[in-house]
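Readers should treat all values here as calculations from the given coordinates under stated rules, not as data from a laboratory. Quick caveat: nothing in here was measured; it's all calculated off a predicted structure. Here Cβ is always computed from backbone atoms with ideal geometry, including for glycine, and neighbour counts include all displayed protein chains.
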Amino acid sequence: MRLLFALAFFIASSLATQRRYDGYQVYQVKAKDRVSFDVLVKLYNERSDVYDFWTEPRNIDFTTDVMVPPAFKKTFVDLLNAFNMEYHIKIDDVQHEIELSRRDIAPPLAPKKALQRSPGTPRYSLDWTSYSDLPAIYEFVNEIAATYPNLVTVTSTGQSYLGNDMPILKISTGGSGKNAIFAEGGIHAREWISPAFVTWLIRELVENYAAHPQYVDNIDWYIMPVLNPDGYTYTFSPTGDRLWRKNRAPNSGVCVGTDLNRNFDYYWNTGGSTSIECGETYHGGAAFSQVEARNVRDAMLSVANQTKVYFSFHSYGQYWLTPWGYTSALPDDYQDLYDLAQSAVDKLTAVEGTPYTIGTSTNLLGLASGCSDDWAKGGAGIKYSYTVEMRDTGKFGFQLPANQILANNLEVWEGVKVVAEAVMLM
Ligand SMILES: [Zn+2]
């Protein structure tokens, strides 16, 4: 009987731990020809419950990163060999990487009363040398709004499925008729660098306002730092999953979560997403079936007539992407989007040589329908719609070491400034 209790306790306590990735490997794969490329696309479309494509299969000239569970290693390698595909193992043990990257997480918030700061200074713990959880980010948002009421207004766009607030910051010096930039991050939970950049962008615009007042004097900024607060929280939870991508709303079967960045209503479910609920790119039961996507939609529509640029920040791969994702056809005004992206990337790369590739989502990453950037352009009518896939190119992938946060932010900011300067003249 005692043994039974011990066993039950063991099972209960092992259930209450973060999902482990012992023996999971990340393969970098390159298709040999059209046939082998189609095999990869088939795996991506039909077996994304097993194979987690960290980067989408794009075309036969590019490599793809795939995380493979240990039980499927042999099957996977046999398949690669059968089709003569080139591959190498990029990450030998994902669990080991997760454990290494734990030191990059900021400690949980100290009780408010323990914080001692002088009046007039925002009291927040973010310092962009580590990754911060949702409570720390929301403390930052509220503190920065309370400290700079002349520049920042925080409102709620609604709640997530699990009831987390989804705030939006308006950074503005007031007045009307200004052009606007809408920027968001954190739609994919595991891409921690995204909220780490977007919060830093807020800080730069507000706390460093005096260094470059023109960016706020002439532009209204609408910024949502975490579009997927439930998923983001789950990646930090000791009983969650560091590599979770989707939101946390249940589906009809056992698998939880919709890929919010496949749930937008512009050519929704027309390729590059899956109807498999367990898949990483599950598009949801209908366009805008997910409350988080609807909240962003409504926030964007309410300011769409003044908004010239939409930014969606992601990782990884170092791409500055334009629509479309649902088709390989180019938007009519593609040259305008490309030229501005080129100017931005020139400045970005000049900082420390980080290369970025520019192009449409479909042509660089492969078909992906229902994405927010396609909807921003095609649905909300925002001309310059960009998805920026930040550092790195897969050495660390989603577990970008925290000592790269500031370098990433400084270079991307150079690109954002170029876009902001163009927005002033639009
Ligand atoms: Zn993403």
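Each Lys or Arg adds one and each Asp or Glu takes one away; over the other residues whose Cβ falls under 14 Å from the Cβ of GLN18, this sums to 0. Isolated cysteines in the chain, defined as those with no second cysteine Cβ under 4.7 Å, comprise CYS371.
Placing +1 on each Lys and Arg Cβ and -1 on each Asp and Glu Cβ, with no other charges, gives the range 18-102 a dipole about its Cα centre of roughly 80 debye.
Each of THR360, ALA146, TYR51 was scored by the projection of its Cα onto the charge dipole of the chain, and the greatest displacement toward the positive side belongs to ALA146; charges sit on the C-beta of Lys, Arg, Asp and Glu. Summarised as an ellipsoid, the chain has semi-axes of 34, 28, 20 Å, derived from the eigenvalues of the Cα gyration tensor scaled by 5 and square-rooted, with the largest first.
For the range 137-154 versus the range 275-304, the inter-centroid distance based on Cα atoms is 27 Å. In a simple Cβ point-charge model (Lys, Arg +1; Asp, Glu -1; nothing else charged), the chain has a dipole of about 920 debye relative to its Cα centre. Calculated from the alpha-carbon coordinates, the range 18-102 shows an Rg and a Dmax of 12.7, 40 Å respectively. Spin-label point model (7 Å from Cα, Cβ direction): what's the ASN142 to ALA407 distance in nm? According to this spin-label approximation, the distance is 3.6 nm. Ranking ILE193, PHE182, GLN214 by how far each Cα lies toward the positive end of the dipole of the range 182-230 (charges on Cβ) leaves ILE193 at the top. Protection proxy ranking, highest mean first, for peptides 39-48, 223-232, 364-373: 223-232, 364-373, 39-48, where packing is the per-residue count of other beta-carbon atoms within 10 Å, averaged. Each peptide in 143-151, 305-313, 192-200, 354-362 was scored by the mean count of other Cβ atoms within 10 Å over its residues; highest first, the order is 192-200, 305-313, 354-362, 143-151. GLY231 sits among other residues whose Cβ lies under 11 Å from its own Cβ, and their net charge, with Lys and Arg +1 and Asp and Glu -1, is -1. When the Cα positions of ALA304, ILE168, MET424 are compared along the charge dipole of the chain, ILE168 comes out farthest toward the positive end, with charges on each C-beta of Lys, Arg, Asp and Glu.
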